[in-house]
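The values are calculated or read from the model by the stated rules, or taken from the named source; none is laboratory data. None of these values were measured; they are calculated from a predicted model. So basically every Cβ, Gly included, is an ideal-geometry build from the backbone, and we count neighbours across all protein chains shown.
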């Protein structure tokens with residue numbers, strides 16, 4: 001059994017130049033990845049119009065790519081991936097459970113309201 | 001718990017109860033909890049936006065049609081500007097994580113260098129957003145029109161410059177017989193066009209006469225609008241959402257008729273909280289609230305980063321023996337970037 005309660009931790013969290021080099025390499029990799037994803041998103045947005053038949057696919061691609069970008073920012077830049085498992089779950093699980101619920105309820109409700117009494121104000 | 005005896009945690013990390021939940025320092029965990037609550041706020045805002053978008057029956061604005069301008073270069077560059085803003089924010093996030101990494105090596109010079117880069121990136125982002133807002137508020141050259149059948153349309157094409165105004169009835173400022181033209185009376189072409197649009201929005205253009213802001217009435221000479229295309233965004237008696245009037249001369253005829261009808265609010269330029277040319281009223285409100293709330297976060301982040309930079313320069317963290325403060329500020333800064341990733345997708349792309 002892996003005992004993750006026996007864990008050496010120090011506020012200093014120092015590392016040497018060699019480890020720093022490795023870390024920086026990872027940072028640059030994530031930078032390039034995030035930039036490429038953003039470029040792909042903009043390219044797709046310009047190439048495929050919302051009236052085109054391929055739009056639903058593009059829309060879900062956007063959402064998937066956004067979640068991928070968010071994952072890299074949270075786990076790599078914010079170092080949540082390096083924290084203990086318990087902390088990761090304490091932060092992510094309640095948030096995702098609540099938000100999935102809210103997204104489901106409000107979009108469902110929005111469609112119903114749109115049919116029954118649409119919000120159309122102003123020009 | 002048996003494990004605790006063998007756990008090595010330095011005394012500074014321990015909280016008041018001689019424990020260290022998740023082996024994390026108090027400050028860092030509290031920053032995470034704050035970020036979770038802030039993420040709930042932004043999540044709530046974006047979901048409210050989704051709700052509204054599903055509940056309106058007029059066409060929701062399309063990102064690449066609404067945001068297609070660059071400073072100086074003008075129109076015709078869909079999404080390029082926001083893509084640039086996104087890139088700036090990603091890069092400033094990278095320089096922040098490099099500052100954190102330098103802190104772990106107790107490299108004071110590196111921390112200062114990367115913090116300065118982060119602050120510059122953040123300032124650029126806030127400035128870009130100011131331009132974006134200004135552009136959003138002032139609007140396009142044609143605005144949105146309400147057609148005779150009650151439908152609403154946005155207009156694409158090339159705007160014909162206003163050549164001159166010849167005063168026929170004196171006002172407070174201009175006298176009968178004056179000819180106002182670009183290059184004279186310290187008027188520029190941009191101001192001439194602006195005055196014309198302002199009069200159109202106020203319903204002060206009747207056929208071939210125009211009332212200027214000082215109350216004088218003038219005839220005007222204007223180059224023809226070219227390559228006009230109307231895209232219907234709100235249902236009317238004759239036209240439905242999605243219809244396009246792309247016969248240039250017919251589109252121009254309809255547009256001129258509306259613009260010169262002399263009725264207030266038949267043409268709307270730009271945006272405020274009551275109405276906007278891009279889509280439903282709620283669209284403008286959400287734009288101002290969500291991007292404004294995010295922009296305020298970026299602004300606060302820049303201020304916090306500046307304070308921390310001063311601390312780093314004075315050597316406060318070096319004396320303390322660790323640069324955890326940089327890490328905590330970094331968490332906030334990355335969070336701001338994270339929120340923008342979602343705002344970018346749901347406001348501009350989808």
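So here's what we get for this one:
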quantity	calculated
Test result for residue B:234, modelled with pLDDT under 90 and under 25 Å from the mean Cα position of the chain (by Cα)	yes
Residue match in region B:253-262 (condition: without any contact (Cβ under 8 Å) to a residue 24 or more places away in the chain, away from chain A (no Cβ under 14 Å) and surrounded by fewer than 21 Cβ atoms within 10 Å (Cβ to Cβ))	yes
Subset tally (residues that are touching a residue at least 40 places away in the same chain (Cβ under 8 Å) and more than 7 Å from chain B (Cβ to nearest Cβ)) for region A:64-88	3
Some residue of region A:89-100 being in contact with a strand residue (DSSP E or B) (Cβ under 7 Å, 6 or more places away or on another chain) and not assigned by TED's automatic domain parsing to the domain that holds residue A:32	no
Test for residue B:42: is it at pLDDT 75 or above, more than 7 Å from every other protein chain (Cβ to nearest Cβ), under 18 Å from residue B:338 (Cβ atoms) and crowded, with 18+ Cβ neighbours inside 10 Å	yes
Residue in region B:206-223 that is modelled with pLDDT of 85 or more, under 27 Å from the mean Cα position of the chain (by Cα) and surrounded by 17 or more Cβ atoms within 10 Å (Cβ to Cβ) present	no
Flag for residue B:282 being closer than 30 Å to residue B:203 by Cα, in a loop (DSSP other than H, G, I, E, B) and within 12 Å of chain A (Cβ to nearest Cβ)	no
Some residue of region A:41-58 being in contact (Cβ under 8 Å) with a residue 12 or more places away in the chain and within 13 Å of the chain's Cα centre (by Cα)	no
Single residue of region B:99-110 satisfying the filter (farther than 11 Å from residue A:15 by Cα and surrounded by 24 or more Cβ atoms within 10 Å (Cβ to Cβ)) that is farthest from the other protein chains (Cβ to nearest Cβ)	B:99
Any chance residue B:112 is touching a residue at least 24 places away in the same chain (Cβ under 8 Å) and in a helix (DSSP H, G or I)	yes
Residues of region B:69-83 satisfying the condition of being within 14 Å of the chain's Cα centre (by Cα) and more than 11 Å from chain A (Cβ to nearest Cβ)	B:69, B:70, B:71
Output for region B:319-328, where each listed residue is within 12 Å of chain A (Cβ to nearest Cβ) and part of a helix (DSSP H, G or I)	B:320, B:324, B:325, B:326, B:327, B:328
Residue check for residue A:61: surrounded by 12 or more Cβ atoms within 10 Å (Cβ to Cβ), facing chain B (nearest Cβ under 7 Å) and at pLDDT 90 or above	no
Condition broken by residue A:97, with the remaining ones in (1) facing chain B (nearest Cβ under 9 Å); (2) at pLDDT 90 or above satisfied	(1)
Residue check for residue B:51: more than 10 Å from chain A (Cβ to nearest Cβ) and modelled with pLDDT of 90 or more	no
Among (1) assigned to a loop (DSSP other than H, G, I, E, B); (2) touching a strand residue (DSSP E or B) at 6+ places or on another chain (Cβ under 8 Å), the one test that residue B:273 misses	(2)
Qualifying residues in region B:84-97 (those that are within 14 Å of the chain's Cα centre (by Cα) and within 10 Å of chain A (Cβ to nearest Cβ)) - the one surrounded by the fewest Cβ atoms within 10 Å (Cβ to Cβ)	B:84
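Yes or no, residue by residue, for (1) modelled with pLDDT under 95; (2) over 20 Å from residue B:333 (Cα atoms):
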{"site": "B:19", "(1), (2)": "yes, yes"}
{"site": "B:26", "(1), (2)": "yes, no"}
{"site": "B:46", "(1), (2)": "no, no"}
{"site": "B:56", "(1), (2)": "yes, yes"}
{"site": "B:62", "(1), (2)": "yes, yes"}
{"site": "B:79", "(1), (2)": "yes, yes"}
{"site": "B:95", "(1), (2)": "no, no"}
